[in-house]
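Novice: Handing you this structure, nothing more for now.
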Amino acid sequence: MSDFLLELRSEEIPARMQAGARAELEKLFRREMDAAGVKTGAITVWSTPRRLALIARGLPEATEAVSEELKGPPVGAPDQAIDGFCRKAGVERGDLETREVKGRATYFAVKNIPGRATKDLLAEAIPAIVRDFSWPKSMRWGAASISTESLRWVRPLSGIVALLGDDVVECEVHGVTSGAVTLGHRFHHSGDITIGNADDYAMKLRAGHVIVDHEERQDLIRSGAAKVASEAGLTLVEDEGLVIENAGLTEWPVPLLGRFEEDFLEVPPETIQLTARVNQKYFVCHRSPAQAGASGDGAQPTEVPASAGTQQLANAFICTANIEAEDGGARVVDGNRKVLAARLADARFFWDVDRKKTLAEHAKGLERITFHEKLGTVADKVERVAKLADWLVFDAKAPNGDHKLARQAAELSKADLVTEMVGEFPELQGLMGGYYAKAEGLPVEVSEAIRDHYKPVGVNDEVPTAPTTVAVSLADKLDNLLSFFKIDILPTGSKDPFALRRAALGYLRLVQANNLKLSLDTVIHAWDGRPNSGLAEKLADFLLDRLAVQLRDEGVRHDFIQASRSWQGRPDMRVDRVEARARALAAFLGTEDGANLLAGYKRAANILKKEDWHGVEGEIARTGEEDPLALVDDPDMKAVIDAKMAERHAKALSYTPEPAEKALMDALATSEPAAARAIEAEDFSQAMAALASLRAPIDRFFDEVTVNAEEENKRAHRLDLLAAFRAAVHKVADFSRIEG
């Protein structure tokens, strides 16, 4: 057994591409080895900005010889069929063997494949791996790039190290030949590094100031940045994405702390952090509690906006150098400080310029921005959102609050989109609006609503609970959903260009966190100025599908949502009510009573379906009403339905019912009204508890009573009894939609 080392060296590989490149290299190597029949041990893949490296442990010296048999056509088959089989098997006709299969002579092709040296297999695999390597972006270079057949790679490929044990695996890829020689750090090491085998690869590169293990570099950056911050009495603002990115930019990472001018802290801290992170790949620091009252250079502290929290941003940054400088990094830090200062000066300029106009003045610029060609400008959208936010608070009381503040916040919610700061940093939309509102002296409820109205953005994002913020956030998300649904632009498959799934999830989480009871049909009436049942049902279906996905991880199955989607014979427009019923149903069916009642329901439903028996529902259907139960709650129809029920029961009781039959009748007479009252009060757990009392009587009924009795009146009454049982269950949930 031998270990194999492959290093593909090139010019700088972008940090964002390195994780994918590691996975691609391992995938292609495994593909080639599996195709050649080579079993491998553990595989390790590393990356630096200038190289990809793979080490495969425990490769055999050669593959084993293999004998393969292929069954062909029978003897006497047409020559065309036999010749085709020979071509497919790669043998001559004279090499075919005949064997008896089920009493008939049949041709067989026997191929003896000798074992091959693993070194030879690797020599063929390496060019295939390089040729088939997939990069998000790649390039051609040099004189050969004039041809489309030339090699494409992320950056010019400059070297290949390929060693099986101590031996070089000789191969050539578009003019680059393999060997045992690599290069060390660009500045700290000159000359070649000769690798002996896979075991000394990392050690020899370390001697050349290259840490080839990307995870080790990440650990060094993580701990080193925290250490230099702590030594300065500061607290590192952790940023794992920045750790990974800096590890992908360096081969010998050295975290260094620098300072910028205290005056820049007048700018909102998120702006400083974003400038440092996005433009310069720097970490930032918080002042420790002991330093909160004094700056790092002895100057008086600068007031930081309240949204920065209890920890104040320090006038410090941590950069990750790729060299170990003799002066301790002072020149590196100074150069980085100057670059950051220029960036922060731009941010401060934007901050000052933007505050010269009020948010209302900025908002006028929204008239020049198209929201969607069929939906008007962003100013048109803002007008719709403001109207809906006002209605949510004033009329719907969802949430309670001051409707004037809600309207004001909604009218100014998108104003920061036309500011200089958000133009430079789109990630700060909303947040900067909140800062500008606070600087302008607007009510705190308004500034917070502007700041947080995009929330929640993701599944782990904070959900607003302040009434004004909730109203604006709800209105904004509802307007997105309703606007695009109205013009029939819906998400399809994996495509969702207008983030409607995210808006739906945000709506659901706002409703859940704030215990809101919003009926979509009334919302649409307020938003559109008229009823639109089709749009309401379409949006309700979409939201409930999202709800099913959201609740799946909590053990609430999608069919429980399906069973709870109707209310009084129509699609339920309140997602909170559907969720409450589905949760109660999940809890109920998780009990023994629930599982057995479901089994009893399915048995009753199957009997009624087989007999094509609709009970009283069927007679009501003959009134011509499309939905037999659509009028069940209509006061004018209640007397008719009650009379029909009384008439049917009067006929059925022309005989003495059996004890089990009477027990089910009595249980229905008690549980059905109790369940109905619980449903009316939206106490779904209590409704399920009322249904639980039917479990024993329905089990006993099936055990002791013959439903299809010979006497017509008995049969009719017992089928009616099952229909009444089914109807009682349906008032709580549609058990027919429950799977299993």
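Novice: Which of the following values of semi-axes √(5λ) of the Cα gyration tensor in Å was calculated from the structure shown: (i) 42, 39, 23; (ii) 62, 49, 23; (iii) 57, 27, 24?
Specialist: (ii)
Novice: Same structure, new question: Around residue 407, with a cut-off of 11 angstrom between Cβ atoms, what is the net charge of the other residues, counting Lys and Arg +1 and Asp and Glu -1?
Specialist: -2
Novice: Right, another one. Is the shape of region 137-237 best called rounded, prolate or oblate, per the rule: a/c under 1.5 gives rounded, else a/b larger than b/c gives prolate, else oblate, with a ≥ b ≥ c the square roots of the Cα gyration tensor eigenvalues?
Specialist: Oblate.
Novice: Working from the alpha-carbon coordinates of region 14-80, get Rg over Rh, Rh being the Kirkwood radius.
Specialist: Radius of gyration relative to Kirkwood radius: 1.31.
Novice: Next question. Probe 1.4 Å, all protein chains in place: accessible area of residue 589 in Å², nearest 10?
Specialist: 30 Å²
Novice: Students often check this: by mean Cβ neighbours within 10 Å, which of 135-142, 434-441 ranks highest, and how do the rest follow?
Specialist: The packing order, highest mean first, is 434-441, 135-142.
Novice: With n ≥ 4 as the cut-off for DSSP H runs, can you work out [θ] at 222 nm for the chain, using -39500 (n - 2.57) per run divided by the number of residues, rounded to the nearest 500?
Specialist: It lands at -15500 deg cm²/dmol.
Novice: Rounded to the nearest angstrom and ordered from largest down, what semi-axes does the equivalent ellipsoid of region 306-434 get from its C-alpha gyration tensor (root of 5λ)?
Specialist: Working through the eigenvalues yields semi-axes of 41, 18, 13 Å.
Novice: So what is the accessible area of region 1-107 per residue, in Å², with the probe set to 1.4 Å?
Specialist: 54 Å²
Novice: So, taking all protein chains as they sit and a 1.4 Å probe, how much accessible area belongs to residue 414, in Å² rounded to tens?
Specialist: About 10 Å², rounded to the nearest 10.
Novice: Right, here's the next one. Provide the percentage of antiparallel DSSP beta bridges, counting only those with both residues in the chain; round to the nearest 5.
Specialist: Around 95 percent of the beta bridges assigned by DSSP in the chain are antiparallel ones.
Novice: Along its principal axes, what span do the Cα atoms of region 478-534 show, with the longest given first and each in whole Å?
Specialist: Extents along the principal axes: 30, 29, 14 Å.
Novice: Another one. Divide the volume of the convex hull of the Cα atoms of region 2-134 by its number of residues and quote the answer in cubic angstrom per residue.
Specialist: Convex hull of Cα atoms, per residue: 143 Å³.
Novice: On to the next question. Which FRET efficiency value, to the nearest 0.05, is calculated for residue 666 and residue 278 with the Förster distance at 41 angstrom and r the Cβ-Cβ distance?
Specialist: 0.05
Novice: Post the alpha-carbon centroid distance, region 316-384 to region 119-139, in whole angstrom.
Specialist: Answer, in whole Å: 42.
Novice: When the accessible area of region 175-293 is split by element with a 1.4 Å probe, what percent falls to carbon and sulfur?
Specialist: Exposed carbon and sulfur together represent 53 percent of the surface.
Novice: Still on this structure, please answer the following. Hey, any idea what % of region 337-464's accessible area is carbon plus sulfur with a 1.4 Å probe?
Specialist: Accessible surface attributable to carbon and sulfur in region 337-464 totals 50 percent.
Novice: Leaving ligands, DNA and RNA out of it, rank 250, 358 by accessible area with a 1.4 Å probe, largest first.
Specialist: 358, 250
Novice: I would also like to ask the following. Provide the per residue accessible area, probe 1.4 Å, for region 375-496, rounded to a whole number of square angstrom.
Specialist: Normalised by residue count, the accessible surface of region 375-496 is 40 Å².
Novice: Given a Förster distance of 30 angstrom, what is the FRET efficiency for residue 69 paired with residue 34, based on the Cβ-Cβ distance and rounded to 0.05?
Specialist: 0.90
Novice: Checking the cross-link filter: which aspartates and glutamates have an alpha carbon closer than 13 Å to that of residue 111, excluding same-chain neighbours under 8 positions apart?
Specialist: Hits, sequence-local ones excluded: 68, 69, 92, 95, 97.
Novice: Report, to the nearest 10°, how far helix 118-132 tilts away from the longest principal axis of the Cα atoms in the chain, using its own Cα long axis and a range of 0 to 90°.
Specialist: Approximately 70 degrees, to the nearest ten.
Novice: Out of the total accessible area of region 678-732 (probe 1.4 Å, heavy atoms of protein only), what percent is carbon and sulfur?
Specialist: Whole-percent figure for carbon plus sulfur exposure: 44.
Novice: Express the accessible area of region 664-703 per residue in Å², computed with a 1.4 Å probe while the remaining protein chains stay in the model.
Specialist: I get 45 Å² per residue for region 664-703.
Novice: Pulled fully out, how much extra length does the chain show between residue 108 and residue 149, if you take 0.36 nm times their separation in residues and subtract their Cα-Cα distance?
Specialist: The span from residue 108 to residue 149 would gain 10.6 nm if fully extended.
The values are calculated or read from the model by the stated rules, or taken from the named source; none is laboratory data. Everything numeric here is computed off the predicted structure, so don't read it as measured data. A quick note on method: Cβ atoms are made from the backbone with ideal geometry, for glycine too, and the neighbour counts reach across all protein chains shown. Heavy atoms of the whole protein, side chains included, go into the accessibility calculation; ligands, DNA and RNA do not. Shrake-Rupley method; radii C 1.70, N 1.55, O 1.52, S 1.80 Å.
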